[in-house]
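The values are calculated or read from the model by the stated rules, or taken from the named source; none is laboratory data. Since we're looking at a predicted model, the values are computed, not measured. Here the Cβ is made from the backbone with ideal geometry for all residues, glycine too, and neighbour counts use every protein chain on show. In case anyone asks, the SASA skips ligands and DNA or RNA and just uses the protein heavy atoms, side chains included. Shrake-Rupley method; radii C 1.70, N 1.55, O 1.52, S 1.80 Å.
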Amino acid sequence: MSGWAPKSASAATVEITSTSVQCGDVIQVGGQPCRVTNLVQLPHGSKQLLFESGELLTMHTRTRLVAVRVLRGR
C-alpha cells in the first residue's frame, strides 16, 4: 500500500457501513491496513470491497467498520 498523500490532505477515522464505504478508504483487516480500490453492489444492499492487495471483503448491510479516510482540502 502506498503511503503517499497530497500535502493538502488530512486523514480522519470514520465509521463506515455498506452504504458509506468509498474507494480510497483504508480498513484494518487482520492487523494489516487495506485500501479499497473497487466496490461492487450486491443484492440486498451488501457490497463487495476489492483491496489493493487483491483480497475481497463482503460487507453485509448491518456491518460497521472503522476506516481511515483521506479528506482533501479545497
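Worth pointing out:
- Subset of region 19-35 (residues that are β-branched (V, I, T), modelled with pLDDT of 90 or more and surrounded by 12 or more Cβ atoms within 10 Å (Cβ to Cβ)): V21, V26, I27
- Positions within region 24-62 being within 22 Å of A11 (Cα to Cα) and either out of contact with any strand residue (DSSP E or B) (no Cβ under 8 Å at 6 or more places or on another chain) or small (G, A, S) (or both), in sequence order: G24, G30, G31, Q32, S53
- Every pair of residues 6+ apart whose Cβ atoms lie under 6 Å, when the first sits in region 54-65 and is open to solvent by less than 50 Å² (accessible area, probe 1.4 Å) while the second is among the β-branched types (V, I, T): L65/I16; L65/I27
- For first residues located in region 41-53 and more than 15 Å from T17 (Cα to Cα), partners that are outside any strand (DSSP E or B) and of a type in the set (A, V, I, L, M, F, W, C) and lie 6+ apart or on another chain with Cβ distances below 6 Å form the pairs E52/M1.
- Taken over region 54-69, the residue count meeting the criterion of being farther than 13 Å from L42 by Cα, of a type outside the set (D, E, K, R) and not in a strand (DSSP E or B) is 2.
- Test: G3 is on the phi > 0 side of the Ramachandran plot and either at pLDDT 95 or above or assigned to a loop (DSSP other than H, G, I, E, B) (or both): no
- Given (1) exposed (fewer than 12 other Cβ atoms within 10 Å of the Cβ); (2) modelled with pLDDT of 90 or more; (3) not acidic (D, E), index of the condition G73 fails: (2)
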